[in-house]
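First up is the structure itself, then whatever we jot down about it.
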Amino acid sequence: MTETIAAGLAVPSDRDAQLYNAIAESDPAPLLMALVHATGDTGLLDEFGARLTIEEPGNHYRTGIRPTAPPGIYPEDVAEDIRIRAREILTPDVVAELGVPDDELFVRMATVCTSQRVDAEFAPILLEQAGFTKNRRHVPVTVAPPADFDVIVIGAGIVGINAGIKLGEAGFRYTIIEEREDVGGTWYRNTYPGAAVDTPSHYYSYSFELNPNWSKYYPTGPEYQNYLLDVVEKYRLREHIRFRTRVLSARWLDDEHRWEVVTEDGEGSVVRHRARAVITAMGMLNAANIPEVDGLDSFAGRVVHTAEWDSDLDLSGKRVVVLGTGCTSVQVVANIVDQVEALDVVVRSPHWLVPEKAVSGDVTEGEKWALANLPFYDRWFRLRSYWFASDNLYPLPRIDKEWAATHLSASPANDMVLRTAQEYLQTSFTDRPDLIAKLTPDFRPYAKRIVKDPGFFAALNREHVSLHRASFEKVTPEGVYTTEGAFIPADVIILATGFKLQFTTSIEIEGRDGRTLSEVWNGGDDPRAYLGVQVAGFPNLFITAGPNSAPNHGAGHNILSEEHVHYIVECLQYLLENGHDAMDVRQDVLDTYNRKVDAALDDTVWVHPGAEVNGYYRNSSGRAIVPCPWRLVDYWTMLREPNPDDLTFIGRRAEGRREASAR
């Protein structure tokens, strides 16, 4: 493992040094798994597993007892012995003796890797989501898509990109319509200072395109956008995308069993397309939420929304007012605090914030080398990122009615989050009870999104920063009047007020009976879909990131993307295999499904938040329309393939069966 120089002295080679650093800096759990793969010696699982305490998943949440270390963290003596063994075994060019393990061995390895019991039901989703196996087709593939089977995808964000890749791999012709000048969706639009993802980098990516080169454990917006650009380039998607083009309408043509999609490009040219299927990939939050404030247009300075950031905006020495306190606001405030002369943060309803050291943490060079070079290390690292941010967290938003009757928190599990957030608030402002009062929410944790603090609390402690528990009353040319009666002079107003919840209703989509999707969904206020994807009366319309599909208790939008796209491809293949032109979900099935959704959600803080909560999770009547009530493993399993009993079919073979039945 060395190179010899002329003087006869041995010095480490570059790759030896890289390996040494990787062993020193890598996570011992995936490092142990890499040793098992490198040697094929499964006895290492017994040897080191015997020295770990294997917890029940979520056990420390259920008891409400905070563990001495975060779940899955190896004791220091075990970690050091793994590193010693790695130095004895590994070489810079190590080749795996063990490939992808079978399900039984995989479950053993996953249990040791996470220090928690991993049941067999999780093996299929973990194998896929960790990148060990590619997405597996379930509907038999014996019929190739015909040349006239065109699919239109609306949107080129994380879901639309994935849809293009998977449709192409399945042989379907497709066109992606994108209103903006480039791909990326949210991550193309969000260019405000500090824009970042609050899901770990090594998980918030496609399971089939792992990236060992993330610079931070939580990716910045620009870095994530670059990841998507690289994926688009690799799969040659640009030739299928029509940029600077918006969809005006989509109408089902019952006589043709096709959709007519009308688009308009940047030059005003209107085109009518025919498509056998339409996939909406616009996301549920896709239009900047500009608050209606008296006098906002009269402001003499600059007004900018975070979703429409002006890269030329110079905040140096400016008096800045920020409205909002969600994920976007805390990121902006933490990142502009050193530039401005004065910073006023106006907070109507604060969120619960929790500390997360890794939010701003850089991935070490040794860790990057391990991710790129050690056998299967990247898969196990991703598995751990997913495991501890997914169904482990499922108990947290669920209500223990006996507990909730006498506590602000919803359950012992929910109380652990509450106490963590309260303790963080108290220690951040030891001599500022006024700030503690202003920053304490009156609702249970998870009723709104939990925010990981990138430096927001530290910024509020600065002398030139002021916090107002209020909203905007009116704006004058010189500044802002708040609802608490204060006047704030300002040069710049930043609206960190998020996006409007639209669920595709910004487009006129007309179904079989002439009704539009907006009408069926009561103007978008009461959206309901089967599996979050299909709506009765709209054949071959597939809505991604639809109502009650968001994994609000954990994971990220990336798993939703893969689940929905997988299901859609399976549906399209089912049509081909069975000679149908289109499918539609039965109304009674959709209604039954949504009754189950509502019943399951009735046991969560999203429906019973503990106080009146304004937020996008719920509609005007208080119904939770965003979160999915199921565990991730359950919802993922539901979406493996279509259930023909839940559907009706359109086309010659379906019509022939109906005629035969009538005779």
Revision key, fill the gap. Residue hits (the range 106-121; surrounded by 16 or more Cβ atoms within 10 Å (Cβ to Cβ) and either of a type outside the set (Phe, Trp, Tyr) or in the same structural domain as residue 568 (by TED's automatic domain parsing) (or both)) are 107, 108, 109, 110, 111, 112, 113, 114, 115, 116, 118
Exercise for review: Could you please give the count of residues in the range 496-533 that are out of contact with any Gly (no Cβ under 7 Å at 6 or more places or on another chain), polar (S, T, N, Q) and in contact (Cβ under 8 Å) with a residue 40 or more places away in the chain?
Suggested key: 2
Revision key, fill the gap. Within the range 369-381, the count of residues that are out of contact with any Pro (no Cβ under 6 Å at 6 or more places or on another chain) and of a type outside the set (S, T, N, Q) comes to 6
Practice item. Return only the number of the condition from (1) over 26 Å from residue 571 (Cβ atoms); (2) surrounded by fewer than 15 Cβ atoms within 10 Å (Cβ to Cβ) that residue 592 does not satisfy. Key: (1)
Practice item. Return yes or no: is residue 605 under 25 Å from residue 138 (Cα atoms), in contact (Cβ under 8 Å) with a residue 12 or more places away in the chain, β-branched (Val, Ile, Thr) and touching a helix residue (DSSP H, G or I) at 6+ places or on another chain (Cβ under 8 Å)? Key: no
Review point. Looking at this structure, is residue 372 closer than 30 Å to residue 124 by Cα, small (Gly, Ala, Ser) and not in a loop (DSSP other than H, G, I, E, B)?
Key: yes
Practice item. Please work out if residue 390 is farther than 28 Å from residue 191 by Cβ, of a type in the set (Ser, Thr, Tyr) and modelled with pLDDT under 95. Key: yes
Review point. Which one of these does residue 211 not meet: (1) in the same structural domain as residue 580 (by TED's automatic domain parsing); (2) assigned to a helix (DSSP H, G or I)?
Key: (2)
Review point. Do we have residue 217 as in contact with a strand residue (DSSP E or B) (Cβ under 6 Å, 6 or more places away or on another chain) and on the phi < 0 side of the Ramachandran plot here?
Key: no
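For (1) modelled with pLDDT of 75 or more; (2) assigned to a helix (DSSP H, G or I); (3) within 20 Å of residue 415 (Cβ to Cβ); (4) of a type in the set (Lys, Arg), each residue gets a yes or a no:
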site: 21; (1), (2), (3), (4): yes, yes, no, no
site: 29; (1), (2), (3), (4): yes, yes, no, no
site: 33; (1), (2), (3), (4): yes, yes, no, no
site: 41; (1), (2), (3), (4): yes, no, no, no
site: 51; (1), (2), (3), (4): yes, no, no, yes
site: 57; (1), (2), (3), (4): yes, no, yes, no
site: 65; (1), (2), (3), (4): no, no, yes, no
site: 71; (1), (2), (3), (4): no, no, yes, no
Practice item. Kindly indicate whether residue 163 is buried (at least 19 other Cβ atoms within 10 Å of the Cβ) and outside the structural domain of residue 567 (by TED's automatic domain parsing). Key: no
Exercise for review: Restricting attention to the range 162-185, report how many residues are touching an Asp or Glu at 6+ places or on another chain (Cβ under 7 Å) and either modelled with pLDDT under 95 or in a helix (DSSP H, G or I) (or both).
Suggested key: 1
Practice item. Taking residue 224 as the residue in question, decide whether it is assigned to a helix (DSSP H, G or I), among the aromatic types (Phe, Trp, Tyr) and under 30 Å from residue 371 (Cα atoms). Key: yes
Review point. Do we have residue 139 as outside the structural domain of residue 282 (by TED's automatic domain parsing) and modelled with pLDDT of 95 or more here?
Key: yes
Practice item. Look through the range 590-618, keep the residues that are of a type outside the set (S, T, N, Q), touching a strand residue (DSSP E or B) at 6+ places or on another chain (Cβ under 9 Å) and under 27 Å from residue 160 (Cα atoms), and return whichever of them is modelled with the lowest pLDDT. Key: 616
Review point. Across the range 253-276, what is the number of residues that are in contact (Cβ under 8 Å) with a residue 60 or more places away in the chain and not in a strand (DSSP E or B)?
Key: 3
Exercise for review: Report yes if some residue within the range 280-292 is farther than 30 Å from residue 362 by Cβ, of a type in the set (D, E, K, R) and surrounded by fewer than 21 Cβ atoms within 10 Å (Cβ to Cβ); otherwise report no.
Suggested key: yes
Revision key, fill the gap. Filtering the range 396-428 down to residues that are buried (at least 18 other Cβ atoms within 10 Å of the Cβ) and assigned to a loop (DSSP other than H, G, I, E, B) yields 396, 397, 399, 400, 409, 410, 411
Review point. Where residues in the range 463-492 are free of Cβ contacts under 8 Å to residues at least 40 places away in the same chain and either in contact with a Pro (Cβ under 7 Å, 6 or more places away or on another chain) or surrounded by fewer than 14 Cβ atoms within 10 Å (Cβ to Cβ) (or both), which of them is farthest from residue 292 (Cα to Cα)?
Key: 463
**Study point:** Conditions (1) closer than 26 Å to residue 191 by Cβ; (2) outside any strand (DSSP E or B); (3) at pLDDT 90 or above; (4) not assigned by TED's automatic domain parsing to the domain that holds residue 566: number failed by residue 467
**Key:** (2)
Review point. Going by the conditions given, is residue 460 aliphatic (A, V, I, L, M), touching a strand residue (DSSP E or B) at 6+ places or on another chain (Cβ under 8 Å), free of Cβ contacts under 8 Å to residues at least 60 places away in the same chain and farther than 30 Å from residue 117 by Cα?
Key: no
Practice item. Would you point out the residue of the range 210-237, among those that are more than 20 Å from the chain's Cα centre (by Cα) and touching a residue at least 12 places away in the same chain (Cβ under 8 Å), that is nearest to residue 182 (Cα to Cα)? Key: 237
Review point. In the range 313-357, how many residues are of a type in the set (S, T, N, Q) and surrounded by fewer than 21 Cβ atoms within 10 Å (Cβ to Cβ)?
Key: 4
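The values are calculated or read from the model by the stated rules, or taken from the named source; none is laboratory data. Note that the structure is predicted; figures quoted are calculated from it, not measured. Positions of Cβ are generated from backbone atoms using ideal geometry, with glycine treated the same way; all protein chains shown enter the neighbour counts.
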